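Here's the structure we're looking at; comments come further down.
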Amino acid sequence: MFIFESFINPKHSIMRIAVPKEIKNNENRVALTPAGAQEFTKNGHEVFVQESAGLGSGFSDEAYINSGAKILPTIEETYDAGEMIMKVKEPIASEYELIQEKHLLFTYFHFASNEPLTRAMIKSKAVCLAYETVEKEDKTLPLLVPMSEVAGRMAIQKGANYLEKPLGGRGILLGGVPGTLPAKVLILGGGIVGTQAALMASGLGADVIIFDVSLQRMRHLSSIMPKNVKTMMSNEYNIRNLIPTADLIVGAVLIPGAKAPHLITRDMLKEMLPGTVLVDVAVDQGGCIETCQPTTHENPTYTIDGVLHYCVANMPGAVPYTSTLALTNATLPYAMELAQKGWKDACSKFPELEFGFNIIKGDIVYKAVAESFKLPFVPVSYFLNQA
Ligand SMILES: NC(=O)c1ccc[n+]([C@@H]2O[C@H](COP(=O)([O-])OP(=O)(O)OC[C@H]3O[C@@H](n4cnc5c(N)ncnc54)[C@H](O)[C@@H]3O)[C@@H](O)[C@H]2O)c1
């Protein structure tokens, strides 16, 4: 009874926060670090962490205990102990029954591509707050940015590696050495992923060209990038002209809410140098290279027409330590406000949270999700305005 009261009464200052171990295949991140747990307990909240939940990211149970958290042996006990459940990935089928009406779930959901999950969360009557749709006034997505930063930087690390001859690449060193030309890196899309990729590639000494369609974005990039990074308008003519000279091509295009356009088509592979490496980071949105199919960290690459493709759909999963810290740096301020004020009042300080609510107590409150499955939609304001 006490638990439920503290949840529905946003003025109550104690929140029970539970952190289950991620059980989705190959997911090693955890939603809260020991440092985050300490912030909660310092503010009087209770934190419950499932045994070994942090191990994949390098955080021991002991580290959480030292931060004032309690370790619980099973996933059932962990869900049961919490009012706010902090996770990384969407709940999988075996977790559906563990989610209760008293819960506020704060995690990545990606509802629009998962009808069984949507229906299960409606049935649970929990409040579902999705990281990926928290949206600021300037349209940025603060809880997606950290993973794009990781993937952008990793794209160059991976690309440089696969350019080595024994791994199937052209055998060129990204930065070259004095007396040799550096590698040429083309980056399609100059957003978060593209910017981070350009910084890494240019830092290693490569010649970099960023293609984008936004002049405003390219003006900004030109003013902040080092001299070995150039920008170019993205169109078929320009891309076709430059791909025969490229060593590494990174796909980093995003058109919000739409499939990525195929900027590199199958016929263009024949014009590339043998051993060119393609890293399509946008593969999670369908990819901006026609021949890209999602791959896994176990089996990350394949070759078509002598061109090596790397298309891992969850790149940050390979660096869980960095990814966990990057993600929790971004989520913790929101989670703290949710704990302190409750989910309704937290929106006063962080209006972007309003866009994060996808399902509240059995109703879909995010239009695109309702439209995806032709289910009824209730505006989030209906719930936020309730006393
Ligand atoms: N594979 C992974 O593990 C992983 C991880 C994180 C992000 N991603 C994906 O990476 C992609 C990029 O994410 P982001 O955060 O950088 O997005 P972003 O919105 O910050 O940047 C996208 C950029 O693409 C540009 N663009 C749009 N149409 C274009 C075109 N025709 N040609 C060239 N540029 C064009 C936009 O102007 C923008 O600058 C997304 O699909 C995202 O889901 C994948």
**OP:** May I ask you to list pairs of residues, at least six apart or on different chains, whose Cβ atoms are under 9 Å apart, with the first in segment 64-75 being touching a residue at least 12 places away in the same chain (Cβ under 8 Å) and more than 14 Å from Gly36 (Cα to Cα) and the second being of a type in the set (Val, Ile, Thr) and part of a helix (DSSP H, G or I)?
**Re:** Ile71/Ile65; Leu72/Thr78
Original post:
Restricting the search to segment 89-114, which residues are β-branched (Val, Ile, Thr) and surrounded by fewer than 20 Cβ atoms within 10 Å (Cβ to Cβ)?
Top reply: Ile92, Ile99
**OP:** Just name the residue that is surrounded by the most Cβ atoms within 10 Å (Cβ to Cβ) out of those in segment 259-279 that are more than 16 Å from the ligand (Cβ to nearest atom), among the hydrophobic types (A, V, I, L, M, F, W, C) and closer than 10 Å to Ala246 by Cα.
**Re:** Met272
Original post:
When you look at Ile210, is it buried (at least 20 other Cβ atoms within 10 Å of the Cβ), over 21 Å from the mean Cα position of the chain (by Cα), near the ligand (Cβ under 10 Å from one of its atoms) and not in a helix (DSSP H, G or I), yes or no?
Top reply: yes
**OP:** Select, from Gly159, Gly169, Gly194, the only residue that is in a loop (DSSP other than H, G, I, E, B) and buried (at least 20 other Cβ atoms within 10 Å of the Cβ).
**Re:** Gly169
**OP:** Would you mention how many residues in segment 301-328 are within 11 Å of the ligand (Cβ to nearest atom), part of a loop (DSSP other than H, G, I, E, B) and farther than 11 Å from Ala151 by Cβ?
**Re:** 1
Subject >> Filter result (under 22 Å from Ser222 (Cβ atoms) and within 11 Å of the ligand (Cβ to nearest atom)) within segment 154-185 >> reply: Ala155
Subject >> Matching residues, segment 329-387, being assigned to a loop (DSSP other than H, G, I, E, B) and of a type outside the set (A, V, I, L, M) >> reply: Phe350, Lys361, Gly362, Tyr366, Phe373, Lys374, Pro376, Pro379, Asn385, Gln386
Original post:
Going by the conditions given, is Leu188 hydrophobic (A, V, I, L, M, F, W, C), surrounded by fewer than 16 Cβ atoms within 10 Å (Cβ to Cβ) and within 13 Å of the ligand (Cβ to nearest atom)?
Top reply: no
**OP:** Starting from residues that are touching a residue at least 40 places away in the same chain (Cβ under 8 Å), within 14 Å of Glu354 (Cα to Cα) and within 11 Å of the chain's Cα centre (by Cα), keep the ones in segment 134-156 and report whichever is surrounded by the fewest Cβ atoms within 10 Å (Cβ to Cβ).
**Re:** Pro142
**OP:** Pull up segment 215-252, narrow it to residues that are under 20 Å from Asp280 (Cα atoms) and of a type in the set (Gly, Ala, Ser), then point me to the one that is farthest from the ligand (Cβ to nearest atom).
**Re:** Ala246
Original post:
Residue check, His110 against (1) within 14 Å of the ligand (Cβ to nearest atom); (2) modelled with pLDDT of 95 or more; (3) closer than 20 Å to Ser323 by Cβ, all met but one. Which one?
Top reply: (2)
**OP:** Would you mention how many residues in segment 275-300 are farther than 22 Å from Gly190 by Cα and assigned to a strand (DSSP E or B)?
**Re:** 1
Subject >> Flag if Glu352 is of a type in the set (Asp, Glu) and either touching a strand residue (DSSP E or B) at 6+ places or on another chain (Cβ under 8 Å) or within 13 Å of the ligand (Cβ to nearest atom) (or both) >> reply: no
Original post:
Yes or no: Ala313 modelled with pLDDT under 95, under 21 Å from Thr107 (Cβ atoms) and in contact with a helix residue (DSSP H, G or I) (Cβ under 8 Å, 6 or more places away or on another chain)?
Top reply: yes
Subject >> Selected residue (criterion: surrounded by the most Cβ atoms within 10 Å (Cβ to Cβ)) from residues of segment 221-248 that are outside any helix (DSSP H, G or I) and in contact with a helix residue (DSSP H, G or I) (Cβ under 7 Å, 6 or more places away or on another chain) >> reply: Leu248
Original post:
Going by the conditions given, is Val88 out of contact with any Gly (no Cβ under 9 Å at 6 or more places or on another chain), among the aliphatic types (A, V, I, L, M) and closer than 23 Å to Glu39 by Cβ?
Top reply: yes
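The values are calculated or read from the model by the stated rules, or taken from the named source; none is laboratory data. Bear in mind the structure is a predicted one, so any value in this text is a computation, not a measurement. Methodologically, a virtual Cβ is constructed for each residue, glycine included, from the backbone with ideal geometry; neighbour enumeration extends over all protein chains shown.
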